[in-house]
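The structure appears right after this line, and notes come after that.
Where a number appears in this text, it was derived from the coordinates with a stated rule and is not lab data. As the structure is a computational prediction, the values presented were derived from the model and not from experiment. Neighbour counts are summed over all protein chains in view; Cβ atoms, including those assigned to glycine, are modelled from backbone coordinates with ideal geometry.
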2 protein chains.
Amino acid sequence: MELVGLTAGKLAKAAEVNVETLRYYERRGLLPEPPRKASGYRVYPESAVDRLKFIKGAQVLGFTLEEIQELLEMRLDTKTNRADVRQRATKKVATIQEKIDALEQMKQALEHLVHQCHGSGSSAECPILEAIPTFSGT
Amino acid sequence: MELVGLTAGKLAKAAEVNVETLRYYERRGLLPEPPRKASGYRVYPESAVDRLKFIKGAQVLGFTLEEIQELLEMRLDTKTNRADVRQRATKKVATIQEKIDALEQMKQALEHLVHQCHGSGSSAECPILEAIPTFSGT
DNA sequence: CTTGACCCCGTACCATACTACAGGGTTTAC
DNA sequence: GTAAACCCTGTAGTATGGTACGGGGTCAAG
């Protein structure tokens, strides 16, 4: 029987994650429990692909699964009011901005280094990452 | 005997890390082996504080210790090949830029949501977070 | 109607990045 | 000159985020 939706395997492939990861996320509450067929097989909506990609993307940016869960749960919680959601979203924005700033500094330090060291010849030390270690105070 | 430099405990406190972490980083090669006193006690230079703060900062940005090590080792002295270092630095700049871009998108999506959701009802009708799972598709 | 691909569950194992001992010397402050 | 505070080493344990496996049902094709 073929109704709409994805099987675990299809979803895993589409989102480029391991099948086991789906179950893991489900246990953690990151992926909502999908409906099941009579056989017990999970049937995921197409949107699950985006959700997984979001999770993966956020992870690369240094968010923990717990933080990602917070982001994702903000919209489901009908008990929280808008002001609360707004406040938390705003806070996340600030966190994200801090990360961006730190990355910009890091990037600039590296670019500086690249420019300083374009000569192939002579001697002296090319002062590379001396600049970088100073950014982290934030 | 009190010569210049920091003991493990002082360094750990100054950099806000666990003392054990210092040894761990040393084992991993992230923190160079400092000179020792006759007793065997490590004597760290002040600069170790910055190095540790850099490591901590970079971690928050989603770099693994291995990647951080690469960054830190990228100082070119006379023994390293400049072209090689430049190439690697350029590559790092690109990955950093990717992170920045992803974070910008995330930020914009959240800011958009914050603007959309200005009322005071329940978050269920708040269009904000509907968008989250989809903004990562990029 | 069977066989191979797929799914289920529970549990065990893995890598990364710490963190915590245990057992034993060293320093420093009183 | 002794006790608290600190340092050493090696090794073991923890948390997070998966990943693998065994034992067993399910489904679609031939």
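Listing for the model above:
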quantity	calculated
Subset tally (residues that are surrounded by 15 or more Cβ atoms within 10 Å (Cβ to Cβ) and more than 11 Å from DNA strand D (Cβ to nearest atom)) for the range A:46-67	8
Members of the range B:36-54 found to be of a type outside the set (Asp, Glu) and touching a residue at least 24 places away in the same chain (Cβ under 8 Å), listed by number	B:LYS37, B:TYR41, B:ARG42, B:VAL43, B:TYR44, B:PRO45, B:ALA48, B:VAL49, B:LEU52, B:LYS53
Qualifying residues in the range B:17-34 (those that are part of a loop (DSSP other than H, G, I, E, B) and in contact (Cβ under 8 Å) with a residue 12 or more places away in the chain) - the one nearest to DNA strand D (Cβ to nearest atom)	B:PRO34
Sole exception among (1) in contact with a Pro (Cβ under 6 Å, 6 or more places away or on another chain); (2) within 12 Å of DNA strand C (Cβ to nearest atom) for B:ALA15, by number	(1)
Test: residue in the range A:28-42 that is within 7 Å of chain B (Cβ to nearest Cβ), within 15 Å of DNA strand C (Cβ to nearest atom) and within 29 Å of B:ILE100 (Cα to Cα)	no
B:GLN69 being within 30 Å of A:LYS56 (Cα to Cα) and more than 11 Å from chain A (Cβ to nearest Cβ)	yes
